[in-house]
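A.B. asks: Below: one structure in structure tokens.
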Amino acid sequence: MCEKKYVTVAYDLYSDNAEGVHELIEKAPAEHPFQFISGMGLTLDAFEEKIMCLSEGEKFDFILDVADAYGPYEQEHVIELPKEMFCVDGRFDKDMIYPGNVIPLVNADGNRFQGLILEVKDACVVVDLNHPLAGRKLHFVGHVVVSRLATDDEIRGVVNMLSGDGCGCGCDSC
């Protein structure tokens, strides 16, 4: 079995917007770095592959192509759902369901994901199920803050989190 590593990285994430301008879209500063355990599916495979060959303190600057990031934007992932699906106590939830809002969804298999409300029509709601960064190259610039072997407790915490048993931190309030 491959040894799992606990890794934290500080980075700025850039991508070209619809007008072709290279813009900052996410920041993970050293004070609040992005953290993951390798080999557990918590990051994009291509991102993890680039980071795992680096040591603590090393800098990185790489671009993930669309195929290695969140894939192409797919129009078939824009769907119309019956308005009744968004009713609470018999009333349409207009406080949560409006254009531009991102809502949590669960499919029949219990998988959780997010959808962007594009439009509210008379009988249905148009929802975009594409990842917000689908269709975009991702440019990461940053450095590795921590890179070490993961402890059994850290691995167990991630397994608990992925199975829906709390946040994985081991606290009593999960």
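The values are calculated or read from the model by the stated rules, or taken from the named source; none is laboratory data. Just so it is clear, the model here is predicted, and its values are computed rather than measured. Using ideal geometry, Cβ is built from the backbone for each residue, glycine included, and neighbour counts are taken over all protein chains shown. Keep in mind that these areas ignore ligands, DNA and RNA; they rest on the heavy atoms of the full protein, side chains included. Shrake-Rupley method; radii C 1.70, N 1.55, O 1.52, S 1.80 Å.
A.B. asks: May I ask you to verify whether ALA28 is out of contact with any Lys or Arg (no Cβ under 8 Å at 6 or more places or on another chain) and either more than 21 Å from GLN114 (Cα to Cα) or at pLDDT 95 or above (or both)?
C.D. replies: yes
A.B. asks: Any idea which residue in the stretch 107-130 is nearest to ILE79 (Cα to Cα), counting only those that are part of a loop (DSSP other than H, G, I, E, B) and of a type in the set (Gly, Ala, Ser)? Don't jump to the end; show me each part of the working.
C.D. replies: The first filter runs over the stretch 107-130 and keeps only residues part of a loop (DSSP other than H, G, I, E, B), leaving 107-111, 121-123, 129-130.
Restricting the remaining residues to those that are of a type in the set (Gly, Ala, Ser) gives 108, 110, 123.
On the way: ALA108: 16, GLY110: 19, ALA123: 13 Å.
Looking at residues that are part of a loop (DSSP other than H, G, I, E, B) and of a type in the set (Gly, Ala, Ser), I get ALA123.
A.B. asks: Determine which single condition ASN17 fails, assuming it passes every other condition in (1) more than 30 Å from ASP152 (Cα to Cα); (2) open to solvent by 60 Å² or more (accessible area, probe 1.4 Å); (3) free of Cβ contacts under 8 Å to residues at least 60 places away in the same chain.
C.D. replies: The one condition ASN17 does not meet is (2).
A.B. asks: Going through GLU26, GLU48 one at a time, which residue ends up being within 21 Å of HIS131 (Cα to Cα) and open to solvent by 60 Å² or more (accessible area, probe 1.4 Å)?
C.D. replies: GLU26
A.B. asks: Right, here's the next one. Restricting to the stretch 91-101, name every residue that is of a type in the set (A, V, I, L, M, F, W, C) and open to solvent by 70 Å² or more (accessible area, probe 1.4 Å).
C.D. replies: MET96
A.B. asks: Suppose we filter GLU31, GLU74, GLU58, GLU48 for residues that are acidic (Asp, Glu) and under 15 Å from the mean Cα position of the chain (by Cα); which single one remains?
C.D. replies: GLU48
Per-residue answers, yes or no, for (1) over 30 Å from ALA30 (Cβ atoms); (2) among the polar types (S, T, N, Q); (3) modelled with pLDDT of 95 or more; (4) open to solvent by 80 Å² or more (accessible area, probe 1.4 Å):
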{"residue": "LEU44", "(1), (2), (3), (4)": "no, no, yes, no"}
{"residue": "PRO72", "(1), (2), (3), (4)": "yes, no, yes, no"}
{"residue": "ASP89", "(1), (2), (3), (4)": "yes, no, no, yes"}
{"residue": "ARG112", "(1), (2), (3), (4)": "no, no, no, yes"}
{"residue": "GLU119", "(1), (2), (3), (4)": "yes, no, yes, yes"}
{"residue": "HIS131", "(1), (2), (3), (4)": "no, no, no, no"}
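A.B. asks: Regarding GLU80, is this residue open to solvent by 90 Å² or more (accessible area, probe 1.4 Å) and assigned to a strand (DSSP E or B)? Show your work before the answer.
C.D. replies: Values: open to solvent by 90 Å² or more (accessible area, probe 1.4 Å): yes; assigned to a strand (DSSP E or B): yes.
Here the answer is yes, as GLU80 does meet what is asked.
A.B. asks: With respect to PRO104, is the statement that it is open to solvent by 50 Å² or more (accessible area, probe 1.4 Å) and either in contact with a Ser or Thr (Cβ under 6 Å, 6 or more places away or on another chain) or assigned to a strand (DSSP E or B) (or both) true?
C.D. replies: Considered against the rule, which asks whether it is open to solvent by 50 Å² or more (accessible area, probe 1.4 Å) and either in contact with a Ser or Thr (Cβ under 6 Å, 6 or more places away or on another chain) or assigned to a strand (DSSP E or B) (or both), PRO104 comes out as yes.
A.B. asks: Name the pairs whose Cβ atoms lie under 7 Å apart, with the first residue in the stretch 20-42 and farther than 13 Å from VAL7 by Cα and part of a loop (DSSP other than H, G, I, E, B), the second open to solvent by 60 Å² or more (accessible area, probe 1.4 Å) and at pLDDT 95 or above, and 6 or more positions between them or separate chains?
C.D. replies: As it stands, the answer is none, since no pair meets every condition given.
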